[in-house]
Ligand SMILES: [Zn+2]
């Protein structure tokens, strides 16, 4: 049983999936107008680790994450760079995937783009207008937050106190400063779409409602994102679904800030360093390890010092891989399942310990502590020539691979195409498609690899 802190109720709760054995997840994706920043790296890693762990635990996970490819910031950037909005979005979406690939993040099962769902967003806004939950003023269509009795549930504050704290708004005709734009009336020279209520473009908060319901269905299991999205973005998403009478996310989960020193990492604070820069100067695995060593709801500091610390811890893990000749890689995109792993008694005990930590609100620091303790134990057993050492070391490697951390024994580097074939073979084996699995093995053999099945999936060695 997965337990997770649900922001909509303010406590750790049992996650009971809508469909037994399956998990439907929606994670709000980036607005692609600039290089990804450090906060994006944590965002991608936290939910990648969760997804991998839940898959490893036996859930059939469907992971949807959108790309916001039209927004004020993209329009501004296009204007500044004298490019089209489409060119800006394509450039920075490519940078996004390049960074996530370097981090070893598994690509989502579906990546809906906002501009592909404008028709559906228009229909949603029409329905909100028909139900009296939205109104039209000169500059567009706004959502009336008073139409949702428990508006403020995610923020953890009632409507009155949110209203009192709201900044003075420049849109004079809005009924409440908390009302938000569903549709922005067309501006000359900017992209717009025709609609029954006048030409324009959708506001940001509507796309995720439409895309999550379209791809995951009503009452999907989990809606995730950074703490900065809890209010107003997620509050406003939820408000639209409630006003439509459509069951929305069963649970909401939010991860903490990335700090540089004492300050929240954000571009507006001027402490912006791109994730792309970080990945050029550090082992990308160090960022994953840093994320794993911190609880996802706590803030983390990403700096040369904390990354250096993570790199030293990584060296200890790679040292274990070297001593026991653990497999270099199970493919950066591999999603393994526990049942395909052969566990020794020690390995099984370790797995249970790690599972107990991760199933209780994704307590990765506790899981990592157990894994590092096992590293010391495996070395000690090997020093004593105890033959349980190897199986314990293999269990450590398999569990770290399940969290997306691949160890390097210093053996032959696995090239990208081989890694892809390993991932495809593991996926085929998980799906019990033996013909496809054999086909991928033959391709790997033709590339000069000796292919073995080990805990955590396909292992490669040079002949
Ligand atoms: Zn969203």
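Among the residues of segment 356-367, are any more than 20 Å from residue 45 (Cβ to Cβ), modelled with pLDDT of 95 or more and assigned to a helix (DSSP H, G or I)?
For segment 356-367, residues more than 20 Å from residue 45 (Cβ to Cβ), modelled with pLDDT of 95 or more and assigned to a helix (DSSP H, G or I): present.
Among the residues in segment 198-213, are any more than 16 Å from the ligand (Cβ to nearest atom), more than 30 Å from the chain's Cα centre (by Cα) and within 20 Å of residue 78 (Cα to Cα)?
Yes, segment 198-213 contains a residue that is more than 16 Å from the ligand (Cβ to nearest atom), more than 30 Å from the chain's Cα centre (by Cα) and within 20 Å of residue 78 (Cα to Cα).
Count, please, the residues in segment 171-196 that happen to be crowded, with 17+ Cβ neighbours inside 10 Å and in contact (Cβ under 8 Å) with a residue 24 or more places away in the chain.
Total meeting the criteria: 12.
Inspect segment 221-228 for any residue being closer than 26 Å to residue 9 by Cβ, away from the ligand (no atom under 12 Å from the Cβ) and not in a loop (DSSP other than H, G, I, E, B) and give the result as yes or no.
Yes - at least one qualifying residue is present in segment 221-228.
For segment 119-148, give me the residue count where each residue is assigned to a helix (DSSP H, G or I) and surrounded by 20 or more Cβ atoms within 10 Å (Cβ to Cβ). Break it down into steps so the answer makes sense when it comes.
Initially, segment 119-148 is screened for residues assigned to a helix (DSSP H, G or I), giving 119-130, 145-147.
Next, only the ones that are surrounded by 20 or more Cβ atoms within 10 Å (Cβ to Cβ) stay: 121-122, 124-125, 128, 145.
Number of matching residues: 6.
Before we move on, is residue 53 touching a helix residue (DSSP H, G or I) at 6+ places or on another chain (Cβ under 6 Å) and surrounded by 23 or more Cβ atoms within 10 Å (Cβ to Cβ)?
Yes.
Any residue in segment 384-395 that is out of contact with any helix residue (DSSP H, G or I) (no Cβ under 7 Å at 6 or more places or on another chain), free of Cβ contacts under 8 Å to residues at least 40 places away in the same chain and on the phi > 0 side of the Ramachandran plot?
Yes, there is a match, as at least one residue in segment 384-395 is out of contact with any helix residue (DSSP H, G or I) (no Cβ under 7 Å at 6 or more places or on another chain), free of Cβ contacts under 8 Å to residues at least 40 places away in the same chain and on the phi > 0 side of the Ramachandran plot.
Given the structure, is residue 58 in a loop (DSSP other than H, G, I, E, B) and either assigned by TED's automatic domain parsing to the domain that holds residue 338 or touching a strand residue (DSSP E or B) at 6+ places or on another chain (Cβ under 7 Å) (or both)? Spell out the reasoning first.
On the way: in a loop (DSSP other than H, G, I, E, B): yes; either assigned by TED's automatic domain parsing to the domain that holds residue 338 or touching a strand residue (DSSP E or B) at 6+ places or on another chain (Cβ under 7 Å) (or both): no.
So residue 58 fails the test.
Looking only at segment 4-32, count how many residues are in contact with a helix residue (DSSP H, G or I) (Cβ under 7 Å, 6 or more places away or on another chain) and more than 16 Å from the ligand (Cβ to nearest atom).
1
Of the residues 232, 191, 247, only one is closer than 20 Å to residue 71 by Cβ, assigned to a loop (DSSP other than H, G, I, E, B) and either touching a helix residue (DSSP H, G or I) at 6+ places or on another chain (Cβ under 9 Å) or within 13 Å of the ligand (Cβ to nearest atom) (or both); which?
On the way: 232 fails: assigned to a loop (DSSP other than H, G, I, E, B); 247 fails: closer than 20 Å to residue 71 by Cβ.
That would be 191, the only listed residue that is closer than 20 Å to residue 71 by Cβ, assigned to a loop (DSSP other than H, G, I, E, B) and either touching a helix residue (DSSP H, G or I) at 6+ places or on another chain (Cβ under 9 Å) or within 13 Å of the ligand (Cβ to nearest atom) (or both).
Which numbered condition in (1) surrounded by 15 or more Cβ atoms within 10 Å (Cβ to Cβ); (2) outside any loop (DSSP other than H, G, I, E, B); (3) more than 16 Å from the ligand (Cβ to nearest atom) is the only one that residue 164 fails?
Condition (1) is where residue 164 drops out.
For residue 391, only one of the following conditions fails: (1) part of a helix (DSSP H, G or I); (2) at pLDDT below 90; (3) out of contact with any strand residue (DSSP E or B) (no Cβ under 6 Å at 6 or more places or on another chain). What is its number?
Every condition holds for residue 391 apart from (2).
Going by the conditions given, is residue 374 more than 19 Å from residue 48 (Cβ to Cβ) and surrounded by fewer than 15 Cβ atoms within 10 Å (Cβ to Cβ)? Break it down into steps so the answer makes sense when it comes.
Details: more than 19 Å from residue 48 (Cβ to Cβ): yes; surrounded by fewer than 15 Cβ atoms within 10 Å (Cβ to Cβ): no.
Answer is no for this residue.
Checking residue 288 against (1) assigned to a helix (DSSP H, G or I); (2) modelled with pLDDT under 95; (3) touching a helix residue (DSSP H, G or I) at 6+ places or on another chain (Cβ under 9 Å), which test does it fail?
(2)
The values are calculated or read from the model by the stated rules, or taken from the named source; none is laboratory data. Computed from a predicted structure; not experimentally measured. Positions of Cβ are backbone-derived with ideal geometry, glycine not excepted, and every protein chain shown enters the neighbour counts.
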